[in-house]
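Input: a single structure, listed below in structure tokens.
Quick note: the coordinates plus some simple rules give every number you see, no bench work behind them. This structure is a prediction, so every number in the text was calculated from the model and none was measured. In this analysis, Cβ positions are derived from the backbone assuming ideal geometry, glycine residues included, and neighbour counts consider all displayed protein chains.
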Amino acid sequence: MSSLPLPILAFFAGLASFLSPCVLPLVPGYVSLISGAGVEELKSPQAQLRRRVMTNSIGFILGFSVVFITLGLISTGVGQLAAQYKSRLAIIAGVVVIIFGLHLTGIFRIKALYADARLHTVKGSATLIGAFVIGFAFAFGWTPCVGPLLATVLGFAADEATLQKGAFLLTIYSLGLAVPFLLTALLMERFLKFYSRFRSHMHALEVVSGVFMIALGVLLVMGRFTLISSWLSFLNRFAL
């Protein structure tokens, strides 16, 4: 059975995290913070500013990736220690994923996931190291908001056989966040036009994500998660 679907799910979880209502609207502000340039200036950057935006965006991405990958390593380590309870833990994980899915659909809300923990005291710096620190703070500060999707990926990481596989899964999740962030940083004017059209659909995206998470949770509870591998087996032809 192919293990390809899990990385695919992790990537789309990262992408959905980027598109969440508490991340997407603030992306221009973060790009401005790490580049030292105003949003208007970022719409048509000169060559020097464009290079700074690219370099510092990579620093920012590395910052939040370090946090998420570390969480993945911890989850996998804990999962290995509890391997003898794997079937019971899968049921518990499934129930948690279902609850998070219900939260995203709006059937009920978990107030703790709306906590504003964005570390407002972190100061900007138009340097690579400063961007890394801001990215590091981003990961911790926004974890309550992206919690449902991140927790799902961490649950999968906990079920992996090795620390390397768990770290890889969270690397792919981080990549799902990183790719659109980098594109936004380089194409700010287009992003602002996209956001003006997309923001009316953000709740619909949350609902779709929630329904998908509920389905994943049900499969985990039933011990039938491997069905996803068979459903997505056609993707194996694209694997190296």
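Under 13 Å from the Cβ of Arg190, count the other residues' Cβ atoms, weight Lys and Arg +1, Asp and Glu -1, and hand me the total.
Charge balance in the 13 Å sphere: +2.
Around Ser35, under 13 Å between beta carbons, what's the net of Lys plus Arg minus Asp minus Glu among the other residues?
Charge balance near Ser35 sits at +2.
Provide the packing ranking of 151-158, 163-170, i.e. peptides ordered by the mean count of other C-beta atoms within 10 Å per residue, highest first.
151-158, 163-170
Can you tally the net charge around Ser44? Count Lys and Arg as +1, Asp and Glu as -1, for every other residue whose Cβ sits under 14 Å from the Cβ of Ser44.
+1
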